[in-house]
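The values are calculated or read from the model by the stated rules, or taken from the named source; none is laboratory data. Quick caveat, the model's predicted, so the values are computed rather than measured. Glycine gets a Cβ as well: all are built from the backbone with ideal geometry, and neighbour counts include every protein chain shown. These area figures cover heavy atoms from the full protein model, side chains too; ligands, DNA and RNA do not enter into them. Shrake-Rupley method; radii C 1.70, N 1.55, O 1.52, S 1.80 Å.
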Amino acid sequence: AVVSTQSTGKNKGKPFPEVADAVHTELEGCRAAEQEIKRLKEVMGGDVASANDHIASTVSSLPELMEKKKRVDMHINIATSLSESIKARSLDKFFEVEEKIMTKATLEDSVLDLLKSPDLGTPDDKLRLFIIYYLNSSDLPDSELKMYMDTLEEIGCNVGCIKHLSKLKKVASMANVGSASIQPAAGGSYSSMSNMFKYMKQSSKFMMEGVKNLVVGHRKLPLTRIVDCLADLKPSTETDGYTTLDPKIYKKAEGMAAPSVKSTFTDVYVFVVGGGNYVEYQNLMAYQEQHPGKNIVYGSSEIMDSENFLAQLNELGEMS
């Protein structure tokens, strides 16, 4: 969100409550300036010379003040519309519940009761809530999952996305079991199978954790963690499969380990092959702000919003 030209850098990307406070502060500043103009009019009966100096200074800044007031009024209208939408869909309630789910806090109402509530959000809002709950549940029985899916279908949700995420969770579980139980075999098959299970585990974990972090506080999303580890050369299992390509390093001889990079990176270009989103982008920008000297550029094949993301998950669910 943007409040004014001067405070754009400070407020863009901030949570809505903080932006609303910034708008209020800007408005109070404009009102204070208007009150000063009225006060100066009353001073004319006293020290005329001094009053003239104040008035001349104030009048010279009047065009800037009027333009600022115009921008603030525009943002007040936007903030008011957003507030009405938040209230109508109870998005503050969803935010609170999703935060509690992700931090393992106790819920006042059960997720099933929230899904059945006719006064709470849209069907897609409830579907996103359940996705976050489901991906944070490690032992949800199939019978209970079916109960949730039936409830979601009754309120008009397409549950194809849950079918797809269910398969992803099973793949992750298989990868965990496979990587732990696989035994060495002749001909290097142990290494090949181990790498396959590792890839399956990392891919499904990246996908599911990205969904779980749709509600972002001050956490690093998976993509931001990877950037952090690669740019600052931090060891991590999340970056084990990444390769360094540097034209200044000679081609390694067969059988030799790849040359290691010894200097950190300040310029980072992140490109997602597939759907990107503003949540990932903003998380990277917050990381950049916390690490002066880092310059990060983010791009993707397409930018997804929440509706398009659910639509793609549903399509994958129908295909699988």
- line: Taking every other residue with Cβ under 12 Å from the Cβ of His164 and scoring Lys and Arg +1, Asp and Glu -1, one gets +2
task: Mind scanning Lys234/Lys262; Lys100/Lys163; Lys14/Lys104; Lys169/Lys234 and naming the pairs with a C-alpha gap bigger than 19 Å?
output: Lys100/Lys163; Lys14/Lys104; Lys169/Lys234
- prompt: Taking amide hydrogens as modeled 1.01 Å from N in the peptide plane, which residues meet the under 5 Å criterion relative to Gly276, leaving out close sequence neighbours?
  reply: Ser301, Glu302, Ile303, Met304
statement: Per DSSP, the loop-located GluC sites (Glu not before Pro) within segment 67-136 having at most 15 other beta carbons within 10 Å are Glu108
query: Excluding ligands and nucleic acids, what accessible area in Å² is computed for Asp246 using a 1.4 Å probe, to the nearest 10?
result: 50
statement: Amide H proximity to Ser90 below 5 Å, modelled H, separation 5+ or other chain, gives Gly121
query: Roughly how big is segment 125-173's charge dipole about its Cα centre, with Cβ charges of +1 (Lys, Arg) and -1 (Asp, Glu), in debye to the nearest 20?
result: 280
- request: At a Cα cut-off below 17 Å, give the aspartates and glutamates reachable from Lys68, other chains included and same-chain residues fewer than 8 away excluded.
  value: Asp21, Glu26, Glu28, Glu34, Glu36
- prompt: So which aspartates and glutamates pass the test for Lys93, namely a Cα distance under 12 Å, with those fewer than 8 places away in the same chain ruled out?
  reply: Glu108, Asp109, Asp119, Asp125
